[in-house]
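A quick write-up on the structure given underneath.
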């Protein structure tokens, strides 16, 4: 019987801690919004996180280029066109395009089972216009 009471007590304690944490975060957010220094520090933090993400993506792209095009690691693909084997220059983009295209031609999992998942073009779209008012004469 004590185990069940302990489990319920732990759940209530966890809920109380989450509520207290949420309240403290709201207070902290309000303090940051009301402070010029807080806004500058928040912007600096966000900039640092985004910059770190850019560095990670750049290193990932360099690693992918090394694997797919056999260029030395750290070397830009655009500066090594003479070193790339011709078959790699043709096969890698072709296979990448086929994979990308085939993944986007599949219907969505949540879409209803119809003959086409794309909407049919309206006469306005077929004429290259965005709205029926495009046909109105200027006054």
Subject >> Sites residue 60 and residue 36 - FRET efficiency at Förster radius 35 Å, r taken between beta-carbons, to 0.05 >> reply: 0.45
Subject >> Fully extended contour minus Cα-Cα distance, from residue 75 to residue 50, at 0.36 nm per residue >> reply: 6.7 nm
**OP:** With label points built 7 Å along Cα→Cβ from the Cα atoms of residue 105 and residue 17, find their separation and express it in nm.
**Re:** 5.3
**OP:** Please state, as a whole number in µm²/s, the translational diffusion coefficient that the Stokes-Einstein equation yields for the stretch 11-108 at 4 °C and 1.567 mPa s, with Rh defined as the Kirkwood radius across alpha carbon pairs.
**Re:** 70
**OP:** Find the all-direction average of the projected area of the Cα convex hull for the stretch 49-91, expressing the result in square nanometres with one decimal place.
**Re:** 3.2
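Readers should treat all values here as calculations from the given coordinates under stated rules, not as data from a laboratory. On a predicted model such as this, the values are computed, not experimentally measured, just so you know. Here Cβ is always computed from backbone atoms with ideal geometry, including for glycine, and neighbour counts include all displayed protein chains.
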